[in-house]
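First comes the structure, then the notes that go with it.
The values are calculated or read from the model by the stated rules, or taken from the named source; none is laboratory data. From a predicted model like this one, the values you see are computed outputs, not experimental measurements. A quick note on method: Cβ atoms are made from the backbone with ideal geometry, for glycine too, and the neighbour counts reach across all protein chains shown.
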Amino acid sequence: MAKRDNGWRFVIPAVVVLAAVVAFPFGFSLYISFTESTAYSIYNGRFLLLDNYLGLFKDIKFWDSLRVSSLYVALAVGIEMVGGFFLALLVDSLPKFKKLFMVLFILPMMVAPLVYGIIFKLMYNSIYGFIPVFFRDVFGIEITPLNKPFAALFSMVVVDAFQWTSFVFLVFFSALQALPREPLEASLIDGAGYWKSVWYVTLPLLRPVTAVILIFRIMDSFKVFDQIFVITGGGPGAATTTMSLYTYFLMFTRYNFGKAAALTIIILITVTLITRFAFNALYKEVSYQ
Amino acid sequence: MKRKRHVILYTIAVLIVLLANFPIIFIVFTSFKPLVDIMQPSLNLSFTPTLDNYKALFSESFDFGKYIVNSIVIATLSTVIGVSVSIPAVYGISRFGEMKKGVAFWILSIRMVPPIVFALPLFLILRLVGLIDSSLGLILVYLTTTVPLSVWVLNTFLSEIPKSLEESAMLDGASRSRILLRIILPLIKPGIVAVFILNFIFSWNEFFFALLMTQDKAVTFTVGMARFVTGYSIYWGSIAAAATISMVPMLIMTILVQKYLVRGLTFGAVK
Amino acid sequence: MKRWLVVLLISFSVVLMFATTIPEITLFCRAGPEGDAHKAQVEYWNSNLAEKYGFKVKIIEATRADYYTYVNNTLLAGGKTPDIMESFSGFTALYGKSKMAFDLTDWYYDDTMFPYDRSDWLDISMKLVTYNGRIYALPTDTNTYLLFYRKDLIPEPPKTWEEAYEVAKHFTKKHNKNSPTMYGIAFYGRKSESLPMFYYQIFRSYGGTWWYDRPAFDSEPALKALKWVESVIKDGLVPPDISTYEYMEILGALQTGQIAMAVQWDAAYPTLKDKNASPLVWDKMAVAMVPGVETPEGLRRAQSAHDQMLVINPNSEFKKEAFTFIAWATASPEGAKIYAMAGASPARKSVLSDPEVLSKFPRFQFKLPALDQWGYAEPQIPDYPEMKDILNTYLAKVWALELDPETALKRANNEIYDFLVAKGYYK
């Protein structure tokens, strides 16, 4: 067979679909990020070159949202990775009913993020919400999850953790099932304690999996919108205004489409850089296998 | 001694299960509480359960049937189309080396951006072709997530299948498409099931775009839930009831197919 | 062969005959009190007036969440439906400049298209739908803030902001262990459309205005107003999650019976007086004008005014029919009265002083003169949304006690000034 088969025909359907629903909107966003696009002149705003971008870099609200997003991602992913890992160890060490516990632990991630937003909105309400009421009636102390800026941010991280720790757990647990048992057993027989064995034996074997989960959780937690919007609306002040919320405000409250588009490009570049970094690290690991 | 350790482990496990699922338990309980009791600043552990909140879902102001049907249709079709388009795409990517890294990364990078990036342009486009407030419109929007996800997950499944299998088939004269259908497809079935479930869950639970792109005819269940924050009151009871109902299919599916989920979500990164 | 042809032709024409049904225009509005009131109007129209005017109306009620975003996106994107949309007067200038809504001026002054009394509007209502002398919508509600309070706990509602502070303190458990309510007062705190509007209430009653030759948010009145808010929040007279409080949350808080007073849109009145919706407080709520400020000339108050208004989609194919309907709905005696009796508040003086309406909704008794005397509207400029958002951001910071009022106002004012200069408002 002399003719070289490139196989493009297999990829065409996906590329066509994605081009329509992704490439075009993307190109559009890119274009208007260079113009002064507002509600009364969407397509033909003044050409501004980089003014929108510079405006964002000079805007303290942009840096605030970047800080909030980074803090949120760091806290949420940190809690989830550690929590999920320990949960996986726990369930893995149960002699019986492993499967049952596994199913029970992954239920939280099947619930819609919006539903979690609604549940926690109800639970956090300072007058009749379950959490303040519980602490008031049982311990006599006032807990107000949404009062101070940092408390509010942390409360939102809690919502995220409740949902996604299950995901981290699932992946780590499945990985643990597939790991060979000999190294760990050998280490324990040799007299090294349980935790030492985990640190020196199990963790290194899980490195590729850890990297993958880390990438996915970072990507996904940058995108968070639904819960925060429903519960705090970005407040108090701007304490929970992440980059995606700030984009929403620019787009649909200020109707400053140009600036919003510029911000989305910046977000894309930021997240791409972070994950590219981790992606390369991952491939390096995998290729060693 | 070992017995004691096990008891401790199980106790901890049970406690954590209760804690982790507390929000879910809470909302189910709340769905049976009368609204007056929900909004009290005291722990109402004893209350007279009522089905009023559920009844409100079937009242004339909440089109329960329509919302559920829309959700099912949109979730199913966006998943089916997304997966169908992704399977050949993944085959192309993994078997035809030159484009591997480039196309794969381009597809994955789409998943990295917050959905809001596409909000306005997609809205304007859908409006242009008259697909606002239509199931088809929302399905197309969801493809931006289902396709990249499917490609990414299926790719790792495909990479586990040795090329020798196909090579012998090709020597026998089978065409590439034939190989895909007859040989590859059955082998990656667990992956397809996992991806199908993941995408279905995503489409079912999605809120932001559904809110933006629908107004009346194509309203899904999640948006319908938001309607209970009405101009009269936050009908917490009915929201809780709607939330409970929306969780049921997901939970059932999880229990039925947890086997495939384990395989699917570990992306074959575990060898 | 011939027979088949004849049958075909006959059936075709029969089908055609039934196919030309009466046209139907769509009215897109917000679920809640306005939605229900519009529903009452639409039902009446379809049963009694559809024949006469030759078209029917179909109503679509949309969820409150993100409502205006959806409306503006729809108008922005073009498209022939819906024909009529309910919007909010803060966008009038934007609609005027961008032509997102259809210009109604010519038809409004045409007696055949608009055969109703043009002087019966509340003065401020018409101002709110006009931009540069052209009319872009017809007002369907005019809303203002009222002070809702528990008449069983507070015999005389406070008249000034200082009095309000003292009353609130008395009814906050933290300061008064015997207080029957947890918190003395509740108001807007979430960064939303309403937050600046609430602030303006206080700001205007202290004598603040928007323009001298620059935006005047760094003036004495502005500072005094914001300081009042800060003191109330700092001293814990409001629920601690006040920064999440919008219309729904304030309503919910009042309904729990744990709040003694609230500053809230008057549209909340019917809900709070409804036995089923507010079982704990329906017979204990009363309303009064929002507190003001004592001056040598007497008590100065302010009444924020904004309209819910109906705009016509400029690409609609039934603009004439749409206009006929909205004219009837907003200005005709029967249309406006149906609207009022169903629980909304039309902008027509005659309806607001109609004895039947008054007996059902006594609050109109002082709403009307209050608006006449103290009513004010927000600036009508196309870039208002962005200007408002700048102020909003800083207000939210003060509400969170992150920034002191003086710094916040100074920065807000400078940023707004720079923004307006960049947009060319100061030549």
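Would you be able to say whether some residue in segment C:330-341 is over 18 Å from C:Phe114 (Cβ atoms) and of a type in the set (S, T, N, Q)?
Scanning segment C:330-341 turns up no residue that is over 18 Å from C:Phe114 (Cβ atoms) and of a type in the set (S, T, N, Q).
Cβ-Cβ distance below 7 Å, separation of 6 or more or different chains: which pairs start in segment A:23-44 with a residue that is within 9 Å of another protein chain (Cβ to nearest Cβ) and surrounded by fewer than 20 Cβ atoms within 10 Å (Cβ to Cβ) and end on one that is modelled with pLDDT of 80 or more and part of a loop (DSSP other than H, G, I, E, B)?
A:Tyr40/C:Pro382
Restricting to segment B:11-39, and then to whatever is of a type outside the set (D, E, K, R), more than 8 Å from chain A (Cβ to nearest Cβ) and in a loop (DSSP other than H, G, I, E, B), can you tell me which residue is surrounded by the most Cβ atoms within 10 Å (Cβ to Cβ)?
In this case the residue turns out to be B:Ser31.
Suppose the filter is in contact (Cβ under 8 Å) with a residue 12 or more places away in the chain and buried (at least 20 other Cβ atoms within 10 Å of the Cβ); does C:Arg204 pass it?
Against the criterion (in contact (Cβ under 8 Å) with a residue 12 or more places away in the chain and buried (at least 20 other Cβ atoms within 10 Å of the Cβ)), C:Arg204 qualifies.
Identify all residues within segment B:40-91 that are surrounded by 16 or more Cβ atoms within 10 Å (Cβ to Cβ), in a loop (DSSP other than H, G, I, E, B) and away from chain A (no Cβ under 14 Å); write none if there are none.
The answer is B:Phe62, B:Asp63.
Of all residues in segment A:165-192, count the ones that are in contact with a helix residue (DSSP H, G or I) (Cβ under 7 Å, 6 or more places away or on another chain), among the β-branched types (Val, Ile, Thr) and more than 10 Å from chain B (Cβ to nearest Cβ).
Qualifying residue count for the region: 1.
Mind counting the residues in segment C:49-85 that are under 18 Å from C:Leu138 (Cα atoms) and within 12 Å of chain B (Cβ to nearest Cβ)?
The number of residues fulfilling the criteria is 6.
All but one of (1) away from chain A (no Cβ under 14 Å); (2) touching a strand residue (DSSP E or B) at 6+ places or on another chain (Cβ under 7 Å); (3) surrounded by fewer than 22 Cβ atoms within 10 Å (Cβ to Cβ) hold for C:Phe187, so report the exception by its number.
Unmet for C:Phe187, out of (1) away from chain A (no Cβ under 14 Å); (2) touching a strand residue (DSSP E or B) at 6+ places or on another chain (Cβ under 7 Å); (3) surrounded by fewer than 22 Cβ atoms within 10 Å (Cβ to Cβ): (3).
Residues that are within 14 Å of chain A (Cβ to nearest Cβ), touching a residue at least 12 places away in the same chain (Cβ under 8 Å) and under 22 Å from the mean Cα position of the chain (by Cα): which helices (runs of 4 or more DSSP H) entirely in segment C:208-294 hold 1 or more of them?
So the answer is C:247-256.
Determine if segment C:405-421 includes at least one residue that is farther than 19 Å from C:Ser219 by Cβ and touching a helix residue (DSSP H, G or I) at 6+ places or on another chain (Cβ under 9 Å).
no
Taking the stated definitions as given, is B:Leu212 within 12 Å of chain C (Cβ to nearest Cβ), at pLDDT below 85 and within 26 Å of B:Pro148 (Cβ to Cβ)?
Criteria met by B:Leu212.
Please go through segment C:380-417 and pick out each residue that is farther than 24 Å from C:Thr244 by Cβ, within 11 Å of chain A (Cβ to nearest Cβ) and acidic (Asp, Glu).
C:Asp383, C:Glu415
Could you tell me which of the residues C:Pro196, C:Pro221 is surrounded by fewer than 19 Cβ atoms within 10 Å (Cβ to Cβ) and under 19 Å from C:Lys388 (Cβ atoms)?
Sole residue among the options that is surrounded by fewer than 19 Cβ atoms within 10 Å (Cβ to Cβ) and under 19 Å from C:Lys388 (Cβ atoms): C:Pro221.
Which ones in segment C:109-134 are buried (at least 21 other Cβ atoms within 10 Å of the Cβ) and touching a strand residue (DSSP E or B) at 6+ places or on another chain (Cβ under 6 Å)?
C:Leu122, C:Ile124, C:Ser125, C:Leu128, C:Val129 - these are the residues of segment C:109-134 that are buried (at least 21 other Cβ atoms within 10 Å of the Cβ) and touching a strand residue (DSSP E or B) at 6+ places or on another chain (Cβ under 6 Å).
Provide a single number: the residues in segment A:200-244 that are part of a helix (DSSP H, G or I) and over 30 Å from C:Glu193 (Cβ atoms).
20
Cβ contacts < 7 Å: first residue more than 7 Å from every other protein chain (Cβ to nearest Cβ), restricted to segment A:100-119; second residue among the charged types (D, E, K, R), any location; separation 6+ or different chain. Result?
A:Gly117/A:Asp226
Failed condition for C:Val421, given (1) of a type in the set (A, V, I, L, M); (2) modelled with pLDDT of 90 or more; (3) farther than 26 Å from C:Met126 by Cβ, with all others met?
Evaluating C:Val421 over (1) of a type in the set (A, V, I, L, M); (2) modelled with pLDDT of 90 or more; (3) farther than 26 Å from C:Met126 by Cβ leaves (2) as the failure.
As an exercise: evaluate C:Glu378 against (1) under 30 Å from A:Lys61 (Cβ atoms); (2) part of a helix (DSSP H, G or I) and give the number of the one condition it does not meet.
(2)
Tell me whether segment B:122-140 contains one or more residues that are at pLDDT below 75 and of a type in the set (Ser, Thr, Tyr).
No - not one qualifying residue is present in segment B:122-140.
What is the number of the single condition among (1) crowded, with 23+ Cβ neighbours inside 10 Å; (2) in a helix (DSSP H, G or I) that B:Ile132 does not meet?
(2)
Residues of segment A:75-97 being at the interface with chain B (Cβ under 10 Å from one of its Cβ atoms) and over 18 Å from A:Leu203 (Cα atoms), which ones?
A:Leu94, A:Pro95, A:Lys96, A:Phe97, listed by residue number.
Give me the pairs, please: first residue somewhere in segment C:16-29 and aromatic (Phe, Trp, Tyr), second residue anywhere and at pLDDT below 90, beta-carbon distance under 6 Å, and either six or more positions apart or on two chains.
C:Phe28/C:Ile60; C:Phe28/C:Pro82
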